Amino acid sequence: MIKKIDHIGIAVRSIEESLKLYVDILELTLEGIEEVESEQVRVAFLKAGETKLELLEPLTEESPIAKFIEKKGEGIHHVALGVDSIQERIHYMKENGIRMIHDQAKPGAGGAQIAFMHPKSTGSVLLELCEKK
């Protein structure tokens, strides 16, 4: 079962530059910045009420986020759905015809386990399953 929208991922070229908008002007609270080696990104989480915004800055030109920015520019990258039992959710999605990018959960930011659904199965929206302990 989907519990909530955990966060909205936003691809940016520079976290530092983007924080001028999100922290200085929008006055959102920066909760932290970390690197996620498995995805080759640096992420910043911002508190926006019950939901978080996740700024995603590529660490390398081969990063999926770098490729996204090159193709589409900066902007909304994905919507993360908070779940319990992520492996069960992955299995359920596949049983119901949803193509998964990841067949197994993998480490994400903030200690979460994550798996992405392929946008060709979800109306061109990149959706992430996100389980936090």
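Within segment 19-32, can you find the residues that are outside any loop (DSSP other than H, G, I, E, B) and more than 24 Å from L127 (Cβ to Cβ)?
Listed by number, the residues that qualify are L19, K20, L21, V23, D24, I25, T29, L30.
Determine the pairs where a residue that is touching a residue at least 60 places away in the same chain (Cβ under 8 Å) and under 16 Å from L129 (Cα atoms), located within segment 67-86, has a partner that is assigned to a helix (DSSP H, G or I) and among the charged types (D, E, K, R) with Cβ atoms under 9 Å apart, the partner being 6 or more residues away or on another chain.
Listed by first residue and then by second, the contacts come to L81/R89; V83/R89.
For segment 1-18, which positions are assigned to a loop (DSSP other than H, G, I, E, B) and either touching a Cys at 6+ places or on another chain (Cβ under 7 Å) or not polar (S, T, N, Q) (or both)?
M1, V12, R13
Quick one: M117 ticks every box in (1) over 22 Å from F45 (Cα atoms); (2) modelled with pLDDT of 95 or more except a single one, so which number is it?
Against the list (1) over 22 Å from F45 (Cα atoms); (2) modelled with pLDDT of 95 or more, M117 comes up short only on (1).
Checking the conditions here, which among T29, T60, T51 is among the hydroxyl-bearing types (S, T, Y) and in contact (Cβ under 8 Å) with a residue 40 or more places away in the chain? Steps first, please.
Numbers: T29 fails: in contact (Cβ under 8 Å) with a residue 40 or more places away in the chain; T60 fails: in contact (Cβ under 8 Å) with a residue 40 or more places away in the chain.
When all the criteria are applied, what remains is T51.
Which of the residues that make up segment 1-32 are under 18 Å from A66 (Cα atoms) and over 14 Å from the mean Cα position of the chain (by Cα)?
R13, S14, I15, E16, E17, S18
Please verify whether V43 is in a strand (DSSP E or B), farther than 15 Å from E131 by Cα and touching a residue at least 60 places away in the same chain (Cβ under 8 Å), treating the condition exactly as stated.
For V43, the condition - in a strand (DSSP E or B), farther than 15 Å from E131 by Cα and touching a residue at least 60 places away in the same chain (Cβ under 8 Å) - is met.
Considering every residue within segment 43-51, establish whether at least one is among the small types (G, A, S), modelled with pLDDT under 95 and surrounded by fewer than 19 Cβ atoms within 10 Å (Cβ to Cβ).
Yes, there is a match, as at least one residue in segment 43-51 is among the small types (G, A, S), modelled with pLDDT under 95 and surrounded by fewer than 19 Cβ atoms within 10 Å (Cβ to Cβ).
So which residues in segment 1-30 are within 23 Å of I114 (Cα to Cα) and loosely packed, with under 12 Cβ neighbours inside 10 Å?
Selection gives M1 alone.
When segment 99-121 is examined, which residues are found to be loosely packed, with under 14 Cβ neighbours inside 10 Å and in contact (Cβ under 8 Å) with a residue 60 or more places away in the chain?
Hit for segment 99-121 is P107, nothing else.
The values are calculated or read from the model by the stated rules, or taken from the named source; none is laboratory data. None of the values given here were measured: they were computed from a predicted structure. Cβ atoms come from the backbone with ideal geometry, glycine included; neighbour counts cover every protein chain shown.
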